[in-house]
Every structure is written in C-alpha cells, then in structure tokens.
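Before any comments, here is the structure.
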Amino acid sequence: MQHSPWVTAHWLAALQQNRPLSAAPAGEWRLVEVGFNAKESWRAGHIPGADYMDTGEVESPPLWNVISPQPLRHTLLKHGLRADTTVILYGRGNYAPERLGQILLYAGVKDVRLLDGGWQSWLRAGMAQEKGNASSVVAAKNFGTPVPAQADFLLDIEQTSQMRALPETVLVSIRSWLEYNGIASGYDYLTPGDIPGARWGMAEGDSQYIANFHHPDGTVRAPAEIAALWHQQQISGDQRIIFYCGTGWRASFAFFIARSLGWPNIAVYDGGWLEWSQHFCGNTNDPAENP
C-alpha cells in the first residue's frame, strides 16, 4: 500500500523547520500552490516558500487535456521539479492540486504530497504566510527520466475506448448524481449525459467540491470509507479502474484515493465527459474557462 499522500499543516510546518517527522521526504522537496488564474491571490499571501503553478501551464484548451510531453518536461524543469523531487501541493479550492499532482505522477515524479484541507487548513492552524513572488525557484536542468514515465496513469480517448471494451475494465464517473444521470451537465458548456456503461463513483456534490469525500472542514475522509462507498457501486481494487469527470480534476482526486489504498490498476481518462461528448455526442459548445 502506498503511504497516504495527504499531510497536515503541522507536518508541513515541521518540515519547513527541519524538525524530525514521520514520512519525511527522502531528498529535496518543493512546495507549490496550484490554481487557475489565481496568481494574484497567491501574491497577496501564501505559505512561506511556496512557488505558484497555474493549471494552464500543463493543460491545453479547448479540451483542457495535458500538454504534450516535451512542453510538459520544459514546464516542470522551469519550476525546478525533477522526478526525484518530493513535490508538496496545496490550493484554495476545487481540485487543482490533485490535477497537477496526477500529471506529475504521469510525468514521472515519484513522490507527490497534498496538504489536507489546503490553504484553509494552514490558516486554521495559525501558521505564518508571506506575500510577493517566490525568490527561491531555480530551474532544473535534467528531469531524471523520460516524460511521461508513467504513461498508463493518464489515458487519451483512443486508449479509453479500447480498454472500455475489456471485461476487467470499469469506467468510474466522478461526477454528481445529477450529472451521471444526465439531468444536469455540471458546466454551462457541456451537454448533459455520461459515458454509457460507466459506474457512478458516489461523487455527490459539484465540480468544485465532492461532499461525500470530505469532512465538513474540507479535509479528506479516510480512503477506506470512500472505498466502502465505491463498493456499493461494485467498484473495487481488483478491477482495472479508469476514473473520469468533466475534464480530469475530480477524477485526479479519486485517483489519489485509490492509489493510497494500494489499488494497482488505476488511471484517469484525461478528456472526460467534455471530450467524450464532443467526439461521440456532437457537443460543440465552446468552454469559456477551465472548470
């Protein structure tokens, strides 16, 4: 079983202060705040030492799929990230850190951590913050492995279509019940509907927050509790699981849950319902912004 990717604000503060702690990074580590068009909020106040990465640096419109390997490698090197760097991510809402984190694993980063509860958990703990731009970001020269090193973590539409036909594959929709049943689209640019044959991932809530998967304070429920919800939909770790959502953010969160449970055959369908609906259902609405 993988160690839990979620760390607490107190764990992160201890790491910053070079105090002994459990599950410490094996080598160099970097702290990154992740958002979409949110750099000004980061400049106004962030966790000391945190760089800022925008999901727009690793996704490409109009489908918001991951950018191609060479530009992705260049972007990660620009932010000083290597395959052997422990990368600790946090955000201010939705699932931007999980989306970037899953892309980092796909690229080849071996150790990705997530601040449980994000920015709000840091504030609740009464920790310090700093303003302005990061001053310690030094570009890396060598990523340390070909990109992507874990290509099977993030699938395109052709791969998903092929694997969907295999009896051991289960597509899991990490969308709300209304989205899954085609009652609501979840986004103003999406046609209502869902991929035929997919099972519902019990992801009640909306694109910004999966209520079933969190405590009231925004921290993550125990992965075993979420697995018990999935079991109700006949979703388990002995299957080949492909998570998807609208464009990959919520699905990336589910990926981290399954990974922490030690599920061996998991992936994210990158394009999600946005790409699938355009390809198979003729949805031609133009998304105005990343969800």
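A short reminder: the numbers here are calculations on the coordinates, not readings from a lab. For clarity, every value in this text was computed on a predicted model and none was experimentally measured. Cβ atoms come from the backbone with ideal geometry, glycine included; neighbour counts cover every protein chain shown.
Some values worked out for this structure:
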item	result
Residue of G27, G205, G262 that the Gaussian network model of the chain assigns the largest fluctuation, springs spanning Cα pairs under 10 Å	G27
Globularity ratio of segment 151-280, using Cα Rg and 2.2 N^0.38 Å	0.97
Cα centroid separation - segment 189-222 against segment 24-40, whole Å	25 Å
Projected label distance in nm at Q70 and D156, using a 7 Å step from Cα toward the beta-carbon	1.5 nm
Normalised contact order of segment 182-228, rounded percent, pairs of Cα under 8 Å and 6 or more residues apart	20 percent
For segment 30-104: relative contact order, % (alpha-carbon pairs under 8 angstrom, 6 or more apart)	42 percent
Antiparallel %, DSSP beta bridges [both residues in segment 151-280], to 5	20 percent
Only Lys, Arg (+1) and Asp, Glu (-1) charged, at Cβ; the chain dipole about Cα centre in debye	780 debye
Approximate spin-label separation T145-A222, in nm, with each point projected 7 Å along Cα-to-Cβ	3.1 nm
The chain, relative contact order [Cα under 8 Å, separation at least 6], %	21 percent
Cα-based radius of gyration of the chain once divided by 2.2 N^0.38 Å, which approximates compact folds	0.96
Fluctuation leader among G248, G108, G56 - the chain, Gaussian network, Cα springs under 10 angstrom	G56
GNM top mover of E28, E98, E275 - the chain, alpha-carbon springs below 10 Å	E28
Rounded D (µm²/s) - segment 27-104, Kirkwood Rh over Cα pairs, Stokes-Einstein at 20 °C, 1.002 mPa s	167 µm²/s
